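Everything below concerns the one structure shown next.
The values are calculated or read from the model by the stated rules, or taken from the named source; none is laboratory data. From a predicted model like this one, the values you see are computed outputs, not experimental measurements. Just so you know, the surface numbers come from the protein's heavy atoms only, side chains and all, with ligands and any DNA or RNA stripped out. Shrake-Rupley method; radii C 1.70, N 1.55, O 1.52, S 1.80 Å.
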Amino acid sequence: MKLIPTITTTPGSDWKGKIDEINNLNIEEVAVFVTCLNEEERKNLYSLILRSRIKHIPFVHLRGDMKLSELDYFVKKY
């Protein structure tokens, strides 16, 4: 069995703080839930992930308003 830590973006969640925790714990694989982020907030999240220790993202919860380019980014990069 494999457990994958997640970055969740529900109202009130500290998703930016989770990225700090991921870096402090040297975690390289996470799942990402962009559930409550609009496009601009998602760009911020992607930028923070890019600068983090994260190397693999095997699961992304998609939103109906995500652009194909966002999906391609995750497929190609992670």
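Just the number, please: carbon plus sulfur as a percent of the accessible area of the chain, 1.4 Å probe, no ligands or DNA/RNA counted. Before the final figure, lay out the partial values.
On the way: 2750 of 5130 Å².
C and S atoms contribute 54 percent here.
Just one of (i) 30; (ii) 47; (iii) 34 is percent of Cα pairs over 18 Å apart calculated from these coordinates, so which is it?
(iii)
Using θ = phi - 60° and the Karplus relation 6.51 cos²θ - 1.76 cosθ + 1.60, list the HN-Hα couplings for the range 21-30 in order, rounded to whole Hz, with x at every Gly or Pro.
4, 4, 5, 5, 9, 6, 7, 10, 10, 9
Any idea of the accessible area per residue across the range 1-74, 1.4 Å probe, to the nearest Å²? Could you put the intermediate results ahead of the total?
Working: 4690 Å² over 74 residues.
Value for the range 1-74: 63 Å² per residue.
Per residue of the range 64-78, what does 6.51 cos²θ - 1.76 cosθ + 1.60 with θ = phi - 60° give for ³J(HN,Hα)? Whole Hz please, x for Gly and Pro, Karplus curve as stated.
Listing the rounded values in order: x, 9, 6, 7, 4, 5, 5, 5, 4, 4, 5, 5, 6, 8, 10 Hz.
Can you flag which of LYS55/LYS76; LYS55/LYS77; LYS2/LYS77; LYS43/LYS76; LYS16/LYS77; LYS18/LYS43 are past 18 Å Cα-Cα? Mind showing how you got there, number by number?
Details: LYS55/LYS76 12 Å; LYS55/LYS77 8 Å; LYS2/LYS77 22 Å; LYS43/LYS76 16 Å; LYS16/LYS77 20 Å; LYS18/LYS43 16 Å.
Violating the 18 Å limit, Cα to Cα: LYS2/LYS77; LYS16/LYS77.
Quick query: amide H of ILE7 versus all other amide H atoms, modeled in the peptide plane; which residues come in under 5 Å with a sequence gap of 5 or more or a different chain?
Those qualifying (amide H under 5 Å, at least 5 residues apart or on another chain) are ALA31, VAL32, PHE33.
Extension gain ASP20-LYS2, at 0.36 nm per residue separation less the Cα-Cα distance, in nm? Show your work: numbers first, answer last.
On the way: separation 18, 0.36 × 18 = 6.48 nm, distance 2.22 nm.
Separation in residues times 0.36 nm, less the Cα-Cα distance, equals 4.3 nm.
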